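Peer 1: If you scroll down you'll find the structure; I have some questions about it.
The values are calculated or read from the model by the stated rules, or taken from the named source; none is laboratory data. Since the model is a prediction, treat every value here as computed from it, not as a measurement. Cβ atoms come from the backbone with ideal geometry, glycine included; neighbour counts cover every protein chain shown.
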Amino acid sequence: MMIESIHAVREKLRAVRGQQKIALVGTMGNLHQGHLHLVKLAKQHADYIVVSIFVNPMQFGPKEDFASYPRTLEGDLEKLSSLDVDLVFAPKMQDIYPAQLDVHTKVTVPNISDEFCGLFRPGFFTGVATVVCKLFNIIQPNIVIFGEKDFQQLHIIRQLVQDLCFPIQIISSPIIREEDGLAMSSRNQYLLPQERKIAGQIYQTLLNTGQKLMEGEVDFNNLTSQAKNILASHFKVDYFSICKREDLKEACKDDKDLIILVAAWLGRARLIDNLCVDLC
Ligand code: AMP
């Protein structure tokens, strides 16, 4: 069942709350297997599954792809109906943002929101944090599921939940990939056929760097420069960084729980990916 109005979704959930564990899977639609995996995970942890579909204007920069972002509601509903989702919340823009964005209350998780993707997309994580808070307040889920593909986003939402005392458990889903390793994303469809053929190089480069870390390479600067150089023949790299998984700070040679974060442009598509590396 799809509901658009905030009032109606609240009424619907009033009858469920307390009886059943409610999980929320937040999406911008144009659903692919990555999203559907989040839903399957939600079903393992909760009784009542809400999927939200909303292309959030606040997280797009003025020169970004808000207008052209793929909107495929009918197909999305079909995919979700085969998974037996209990409720799809697809609010209208004016219900989520009745006023202009620039006069709207905003939620910002400091410092980390200005790193990595935040450096290249100013205001992006404030847009994400703000809409996530709205969805949490509207749905009041017991559990939320987020994908590890957007690892920085996941990190920021964990902090937001802790800082703002939301009584919500966060579950993360591993990255779902295409056969050549490209992380699934709605933006992959911006890739031209020739670009699509080489897009898997991002994951290959992550794997190569991960392999060198496992072999004991500790010159992280050298590793990241090598990786950037390799990618630079086809991609415009925004960042490629080896970080501590715990706080996404730059990794030092004695750190064990690492994550390699990358964002790179290929044609019109900005691709992000990451790889966790455990050194023991
Ligand atoms: P989006 O619709 O792109 O805003 O993504 C909605 C949710 O799906 C976020 O929690 C993403 O991290 C997650 N997600 C998107 N793509 C993937 C993927 N390939 N694997 C796992 N999770 C994903």
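Peer 1: Within region 155-165, identify whether any single residue is crowded, with 16+ Cβ neighbours inside 10 Å, assigned to a helix (DSSP H, G or I) and in contact with a strand residue (DSSP E or B) (Cβ under 9 Å, 6 or more places away or on another chain), and answer yes or no. So that I can check it myself, show each step before the final result.
Peer 2: Applying the first criterion (crowded, with 16+ Cβ neighbours inside 10 Å) to region 155-165 yields 155-157, 159-161.
Okay, now just the ones that are also assigned to a helix (DSSP H, G or I), so 155-157, 159-161.
Applying the additional criterion that residues be in contact with a strand residue (DSSP E or B) (Cβ under 9 Å, 6 or more places away or on another chain) yields 157, 161.
The answer is yes, given that some residue of region 155-165 is crowded, with 16+ Cβ neighbours inside 10 Å, assigned to a helix (DSSP H, G or I) and in contact with a strand residue (DSSP E or B) (Cβ under 9 Å, 6 or more places away or on another chain).
Peer 1: Within the set of pairs 6 or more residues apart or between chains, which connect a residue that is over 17 Å from I138 (Cβ atoms) and modelled with pLDDT of 95 or more inside region 17-35 to a residue that is near the ligand (Cβ under 7 Å from one of its atoms) and small (G, A, S) with Cβ atoms less than 7 Å apart?
Peer 2: N30/S186; H32/S186; G34/G147
Peer 1: When I138 is evaluated against the numbered criteria (1) buried (at least 17 other Cβ atoms within 10 Å of the Cβ); (2) closer than 26 Å to K12 by Cβ; (3) within 16 Å of the ligand (Cβ to nearest atom), which criterion, by number, is the only one it fails?
Peer 2: (3) is the only condition that I138 fails.
Peer 1: Working only within region 215-244, note down all residues that are of a type in the set (A, V, I, L, M) and assigned to a strand (DSSP E or B). Don't jump to the end; show me each part of the working.
Peer 2: Of the residues in region 215-244, the ones of a type in the set (A, V, I, L, M) are 218, 223, 227, 230-232, 237, 242.
If the condition is that a residue be of a type in the set (A, V, I, L, M) and assigned to a strand (DSSP E or B), then V237, I242 are the ones that fit.
Peer 1: Of all residues in region 13-42, which are among the charged types (D, E, K, R) and either surrounded by 18 or more Cβ atoms within 10 Å (Cβ to Cβ) or assigned to a loop (DSSP other than H, G, I, E, B) (or both)? Walk me through it before giving the result.
Peer 2: Our first condition is that a residue be among the charged types (D, E, K, R); within region 13-42, this holds for 14, 17, 21, 40.
Matches in region 13-42: K21 only.
Peer 1: Of the residues P122, P110, P167, only one is over 15 Å from the mean Cα position of the chain (by Cα), closer than 27 Å to M2 by Cα and either more than 12 Å from the ligand (Cβ to nearest atom) or touching a residue at least 12 places away in the same chain (Cβ under 8 Å) (or both); which?
Peer 2: Numbers: P122 fails: closer than 27 Å to M2 by Cα; P110 fails: closer than 27 Å to M2 by Cα.
Only one candidate qualifies: P167.
Peer 1: Could you please let me know if F151 is of a type in the set (F, W, Y), assigned to a helix (DSSP H, G or I) and away from the ligand (no atom under 13 Å from the Cβ)?
Peer 2: Values: of a type in the set (F, W, Y): yes; assigned to a helix (DSSP H, G or I): yes; away from the ligand (no atom under 13 Å from the Cβ): no.
No, not satisfied.
Peer 1: Select from region 45-68 the residues that are within 15 Å of the ligand (Cβ to nearest atom) and free of Cβ contacts under 8 Å to residues at least 12 places away in the same chain and write down the one among them that is surrounded by the most Cβ atoms within 10 Å (Cβ to Cβ).
Peer 2: The qualifying residue surrounded by the most Cβ atoms within 10 Å (Cβ to Cβ) is F66.
Peer 1: Right, something else. Could you tell me whether any residue of region 245-265 is more than 30 Å from N142 (Cα to Cα), touching a residue at least 40 places away in the same chain (Cβ under 8 Å) and assigned to a helix (DSSP H, G or I)?
Peer 2: Looking for residues that are more than 30 Å from N142 (Cα to Cα), touching a residue at least 40 places away in the same chain (Cβ under 8 Å) and assigned to a helix (DSSP H, G or I), one finds none in region 245-265, hence no.
Peer 1: Could you please let me know if R177 is free of Cβ contacts under 8 Å to residues at least 60 places away in the same chain, within 14 Å of the ligand (Cβ to nearest atom) and among the basic types (K, R)?
Peer 2: On the way: free of Cβ contacts under 8 Å to residues at least 60 places away in the same chain: yes; within 14 Å of the ligand (Cβ to nearest atom): yes; among the basic types (K, R): yes.
Yes.
Peer 1: Being closer than 14 Å to L80 by Cα and of a type in the set (F, W, Y) is the filter here; which residues of region 13-58 pass it?
Peer 2: Of region 13-58, the ones closer than 14 Å to L80 by Cα are 24-43, 48-53.
Hit for region 13-58 is Y48, nothing else.
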